[in-house]
Amino acid sequence: MEEEPVVSETANRRTKRTRAQTRVNEEQLHSSVNEEEREESSDDFEDSRARAKRSKALGGTSSAAAAARNAHQSLIDVVKGDRRQIPLVVKHWVEHYEKDPKAAMAGLLSMMFEACGAKYHIEEDFLDQTDVDDVVVALVNMAKRGEVEDYQTSKKKDFKNFKDNLVYFWDTLVAECENGPLFDRVLFDKCMDYVIALSCTPPRVYRQVASLMGLQLVTSFIHIAKVLGSQRETTQRQLNAEQKKKVDGPRVESLNKRLSMTHEKITIIEEMMRKIFTGLFMHRYRDVEPDIRMACIQSLGVWILSYPSLFLQDLYLKYLGWTLNDKSDGVRKASVLALQNLYEVDDNVPSLGLFTERFYKRMIELADDVDISVAVCAIGLVKQLIRHQRVPEEELSSLYDLLIDDPPEIRRAIGALVYDNLIAQRLNSSQSSSGDNADSSEVHLNRLLRILGEFSKDEMLSMYVIDDIWEYMDAMKDWKRILSMLLEEELSAELSDVDATNLIRLLFASIRKAVGEKIVPASDNKKQYYTKAQKDVFESSKRDITIAMMRNYPQLLRKFMSDKAKIPYLLEIIVHMNLELYSLKRQDQNFKSAVLLMKEAFFKHGEKEALRSCVKALNFCATESRGELQDFALNKLKGIEDELIIKLKSAIKEVADGDDEYSMLVNLKRLYELQLSRQISIESLYNDLAETLKNLRSIDDEVIGFLLLNMHLHVCWCLHSIINSGTVLEQSISSLISKRSALFELLESFLTTNSPEGLRASQLACRVCVIFSEQWCLFRKATFASTEIEALGYSPDEAILQKFWKLCERQLHIPDEAEEEDSNREYIEETNRDAVIIAVGKLVAVDAVPKEYLAPEILSHLSMHGTSVSEVIKHLLTVLRNNGADVACLFLEALKRETQLSWEVYVYLIIEGRGQISYQRIIVPETGISAVWRSVAFKMENFIKCSPQMSAKASFRAYDINVVYAKALRIVNGNQYQPSGNHK
């Protein structure tokens, strides 16, 4: 085997005469070679053309004409052109090579160089004397002079398929030379020398094209070696059969000779593979170009899989293991896919033992790769390792944590692994598969419940697990099996109460998935659109669910009626059913039973989730059912409203008489949940609620909060009725204004509360602030100006607005510990700070109140209360700027209010916005007087864009650059004020 050709130092010391011999005039050489080829090959191509003429069925005279044209095409033109012409041109070139090897070789090398982008030719007379190093040096110099064109990445239409055509050309050439020049140790040895030398040159295009050709040569050699290997096996079998006859003759001698020749050819071709591997692959698999590294690894994977007798050994496998740590995600993915293909073949696994032991931990780590596609492929690779029992079970715990990872692609891949390994148990051959058993669904469900038991305290984590596994696990769509497990008279030993809760969660989540709903938050928050075929599938699933649930649904509600953990999921199941089928299938009685059970659940439970699910289910039954069933549902819903009002009036009277407040609180929650979805006539109750707030101020803050919320919702529904009514009645407007005044009077009474302790660290105060904001936005004067209901417009006076802001400001200063304590309450969806700052910001954004007072007050709290509050304020600034507000003036007003002016100096505030620089003069204190001033200045420095150009051009600076707000402020008159040394 020849030494690896490289660009040596001695190549630079070659004589000029030698280079002159190898480098000839480009145009003359090109024309002479083409003329010589045409003259010598004209006779060679006649037979081909004659055969084409005789074979009319295969192409007739047109094929002969095409062959004649191709005879005059250079090899590079064929590679650039039509792929279909390559086999014929290659065949003619081989015939030409057999007649005149040097001329054909020179043409092939010229094509190789031009494929790399360099138009360089070697004269055939000097082909034997030409040194590879000299040619490579000349080609590198051409690249330095910019005389090289990159065909591979060219966007020209002519080169669109250049890469594929070049690969196809070399593959066709090797196949055509199988019974001839392939084993002459001249043609391909010379080609490999140049390919290896070019792959080690600095120009990227040379390395790319040479690597492409070299890697393809090995792949093509493998195809020939496999054919020869098959021939060798056949010959060996024939020889063994002849030898069993114990008769030596010409047949045995012929078979021995053929076996020896075949073995010699395989040895030669394997030597050529090794030569390219050591000379090209071992250098280029760590090339600086990721594309070259990726091509090397992809090719190595194909080689090992296709020709394991040579490549399936640690000498070659180690490169796949090393590139698992490559910095390029494409290279890592190529390595993972190559290994995945290897492990899929069971016969390869014994030879991969040592490799697996060394690299399996890295394979597991790649399941959490930064690139999602690499991680998904790595999870597939780990599945193969588990199938072959090459990974200890304790190493997989970190992998299962990815079930709740953010990228859905990774979660789906882990879900497939969990299902195959832990539920269906397909990956472990020692475990018995229950796929053919009649109770396989129940077995799979029990295994899934054991997994969900780990997440039973966190509903969202359970939903993530269900979402990940759902598409792979058919048992989750076996509605009848799930219902039979739940409706057993006594829970089985395997199904505990926690498992029953998880099974009901699973049933509810699976139903939602089956009808096309998402059960986990989407990362992009985009609306999902479905095709007609998908919608048809969802409708079919909804029909199947309804048929399975019709008779069993009332039994489920009745059995788990008292369980507050299970009943919310069961109540909402009906929302995903087709209620028309109750009428079509004559299941009226089951529908009525379900509605009656919903009513019972509404008055039996007082928790938020159960009440909200009840109201949702009842509203769905009242709107989506048909005919008599709809009338029944509407009557029951109206009966619930009437009964609730009676219960609430009774509870209010009991509290007034000194009884416990629990009954009133629960019924207020029920009324609140009903009012969130529908208008309820509580005219007679509204005054009772107001009187209760006036006379019973010692009741619990949570009760007060729900009293205010229900009054607020009733006012909103009254306004909704007036706006949507055809005629405007003066009586309705007067009644609404009276109710609004009563609500505002009660709310204002809480603004004057001096004791923060009385507000229990602020949940009630937060309610007051939010209700005020909603009401002021709802009744802002601009909404009703110049309309028939202009009298409904309202704007608070300055005194009320100041009290309102002081209460809001106290909420912003509440410690984090108190926030966390309040967050455990049932009806707190947001922290107090977030709810308050959003409420106040909304007032300013929609001009419900004058922004001159409230906006500067809000800005003064920028960056004081955490990221969420700061983001709301910055968003408010954006809205104000888009609405044309003078943000600079608002900032200045915030500065003046925050700083308690004492010593006064004149400064300029430079604010950049909308591509213009605006200047504002303001009186500000000396730096050492107020710590608050320093805080506000720091906020301005962080959140206001100051112009770096203006600061750079300032030639006079009478202020200390170490002051935190030095970027934002510039002293105007240095004679009026100079900061003293004590204040620097």
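The values are calculated or read from the model by the stated rules, or taken from the named source; none is laboratory data. Since the structure is predicted, the reported quantities are computational estimates derived from the model, not experimental observations. Heads up, the Cβs are rebuilt from the backbone with ideal geometry, glycines too, and the neighbour counts pull from every protein chain shown. Note: accessible area is taken over every heavy atom of the protein model, side chains too, but ligands, DNA and RNA are not part of it. Shrake-Rupley method; radii C 1.70, N 1.55, O 1.52, S 1.80 Å.
For segment 412-435, a residue qualifies if it is touching a helix residue (DSSP H, G or I) at 6+ places or on another chain (Cβ under 9 Å), modelled with pLDDT under 85 and either of a type in the set (Ser, Thr, Tyr) or open to solvent by less than 20 Å² (accessible area, probe 1.4 Å) (or both), and the qualifying residues are LEU427, SER429, SER433, SER434. Filtering segment 633-652 to residues that are more than 24 Å from ASN590 (Cα to Cα) and hydrophobic (A, V, I, L, M, F, W, C) leaves LEU644, ILE645, ILE646, LEU648, ALA651, ILE652.
So, GLN238, is that one crowded, with 16+ Cβ neighbours inside 10 Å, more than 21 Å from THR172 (Cβ to Cβ) and not small (Gly, Ala, Ser) or not? For GLN238, the condition - crowded, with 16+ Cβ neighbours inside 10 Å, more than 21 Å from THR172 (Cβ to Cβ) and not small (Gly, Ala, Ser) - is met. Counting only residues that are within 26 Å of LEU596 (Cβ to Cβ), open to solvent by 70 Å² or more (accessible area, probe 1.4 Å) and polar (S, T, N, Q), how many does segment 643-690 have? Residues meeting the conditions: 2.
Okay, residues lined up against (1) within 23 Å of LYS513 (Cβ to Cβ); (2) of a type in the set (A, V, I, L, M):
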| position | (1), (2) |
| --- | --- |
| GLU572 | yes, no |
| SER583 | no, no |
| LEU618 | no, yes |
| ALA651 | no, yes |
| GLY658 | no, no |
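Within segment 386-400, residues that are within 14 Å of ALA416 (Cα to Cα) have Cβ atoms under 9 Å from residues that are open to solvent by 60 Å² or more (accessible area, probe 1.4 Å) and charged (D, E, K, R) in these pairs: ILE386/GLU393; ARG387/ARG426; LEU399/ASP368, counting only partners at least 6 apart in sequence or on another chain.
Quick grid of which residues meet (1) modelled with pLDDT of 90 or more; (2) over 45 Å from the mean Cα position of the chain (by Cα); (3) part of a loop (DSSP other than H, G, I, E, B); (4) of a type outside the set (Phe, Trp, Tyr):
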residue	(1), (2), (3), (4)
SER63	no, yes, no, yes
LYS91	yes, yes, no, yes
TYR97	yes, yes, no, no
HIS121	no, yes, yes, yes
ASP125	no, yes, no, yes
VAL136	yes, yes, no, yes
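Would you mind stating whether LYS246 is more than 35 Å from the chain's Cα centre (by Cα), on the phi > 0 side of the Ramachandran plot and either open to solvent by less than 30 Å² (accessible area, probe 1.4 Å) or not polar (S, T, N, Q) (or both)? When the stated conditions are applied, LYS246 passes them. Among the residues that make up segment 190-202, is at least one of them in a helix (DSSP H, G or I), open to solvent by 30 Å² or more (accessible area, probe 1.4 Å) and among the β-branched types (Val, Ile, Thr)? No; the residues of segment 190-202 include none that is in a helix (DSSP H, G or I), open to solvent by 30 Å² or more (accessible area, probe 1.4 Å) and among the β-branched types (Val, Ile, Thr).
From the list ALA67, ALA52, ALA71, ALA104, the one residue that fits, being modelled with pLDDT under 90, crowded, with 19+ Cβ neighbours inside 10 Å and in contact with a His (Cβ under 7 Å, 6 or more places away or on another chain), is ALA71. Take the residues of segment 846-860 that are of a type in the set (A, V, I, L, M, F, W, C) and crowded, with 19+ Cβ neighbours inside 10 Å: which is modelled with the lowest pLDDT? Checking each candidate, the answer is LEU859. Screening ASN179 with (1) open to solvent by 10 Å² or more (accessible area, probe 1.4 Å); (2) within 27 Å of PRO87 (Cβ to Cβ); (3) touching a residue at least 60 places away in the same chain (Cβ under 8 Å) gives one miss only, at (3). Taken over segment 283-304, the criterion of being without any contact (Cβ under 8 Å) to a residue 60 or more places away in the chain, surrounded by fewer than 18 Cβ atoms within 10 Å (Cβ to Cβ) and either within 15 Å of MET273 (Cα to Cα) or of a type in the set (Lys, Arg) (or both) is satisfied by ARG286 alone. Look at (1) part of a helix (DSSP H, G or I); (2) open to solvent by 80 Å² or more (accessible area, probe 1.4 Å); (3) in contact (Cβ under 8 Å) with a residue 12 or more places away in the chain and you find that LYS638 fails only one, number (3). Is segment 712-723 home to any residue that is touching a helix residue (DSSP H, G or I) at 6+ places or on another chain (Cβ under 8 Å), open to solvent by less than 60 Å² (accessible area, probe 1.4 Å), modelled with pLDDT of 90 or more and closer than 24 Å to ASP657 by Cβ? No, every residue in segment 712-723 fails to be touching a helix residue (DSSP H, G or I) at 6+ places or on another chain (Cβ under 8 Å), open to solvent by less than 60 Å² (accessible area, probe 1.4 Å), modelled with pLDDT of 90 or more and closer than 24 Å to ASP657 by Cβ.
As a summary of the residue check, LYS527 satisfies the conditions (1) more than 25 Å from PHE602 (Cβ to Cβ); (2) open to solvent by less than 20 Å² (accessible area, probe 1.4 Å); (3) outside any helix (DSSP H, G or I) except for the one numbered (2).
Exactly one residue out of THR323, THR262 is in a helix (DSSP H, G or I), closer than 30 Å to ASP184 by Cβ and not basic (Lys, Arg): that is THR262.
The lone criterion from (1) out of contact with any helix residue (DSSP H, G or I) (no Cβ under 8 Å at 6 or more places or on another chain); (2) surrounded by fewer than 18 Cβ atoms within 10 Å (Cβ to Cβ); (3) not in a loop (DSSP other than H, G, I, E, B) left unmet by THR501 is number (2). The lone criterion from (1) touching an Asp or Glu at 6+ places or on another chain (Cβ under 8 Å); (2) surrounded by 19 or more Cβ atoms within 10 Å (Cβ to Cβ) left unmet by TYR307 is number (1). Only one entry in SER823, SER863 is within 21 Å of GLN763 (Cα to Cα), hydroxyl-bearing (Ser, Thr, Tyr) and either open to solvent by 20 Å² or more (accessible area, probe 1.4 Å) or at pLDDT 85 or above (or both), namely SER823. The residues of segment 315-327 that are crowded, with 16+ Cβ neighbours inside 10 Å and either closer than 14 Å to LEU366 by Cβ or of a type outside the set (Phe, Trp, Tyr) (or both), listed by number, are LEU317, LEU320, GLY321, THR323, LEU324, ASP326.
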